[in-house]
Amino acid sequence: MKHPTSEHDYSMPAPDHHALPAIVPGVIVLLIGVGLLLHTLGWLPLLGNWWALAILIPVGASAWSAWQRAETVGFWDRAAMTTLASGGFPLAVALIFLFNLDWTVVWPVFPIIAGAVMLAGTLAPHERA
């Protein structure tokens, strides 16, 4: 908003939505560092398989990619839905490791995820209605 006696524009610039992806890796590394510091100080007990949190990075990347696709085309099309659903595989692996689940018990989750990915690609609209 310009002041009546000034030629300068002091308004806030619009946020750059394309800068967000560049910020995400730095925020992730920062949070990992803070978490590790808190753990070494004894203030944050970590799960035994805390390293499996790194497996969640592709899950976030898949979700971000799907969101960007949906924003670009204006709706959740087949490509966006398939990308989002495919993040279920690394998510399942991360959760199995994080919570020390028995692979021989939870393995059926993988065909379930595969079916969800196939359905997402088949049932999601190809074009905006």
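Rounded to whole numbers, the Karplus 3J(HN,Hα) couplings from phi for the stretch 78-91 are 4, 5, 5, 5, 5, 4, 5, 5, 5, x, x, 5, x, 4 Hz, using 6.51 cos²θ - 1.76 cosθ + 1.60 with θ = phi - 60°, and x at Gly and Pro. One quarter of the convex hull surface built on the alpha carbon atoms of the stretch 20-123 amounts to 7.7 nm², the projected area averaged over directions.
Since every read-out is calculated from the coordinates, none of them should be taken as a lab result. Owing to the predicted nature of the structure, the values given are computational and were not obtained by experimental measurement.
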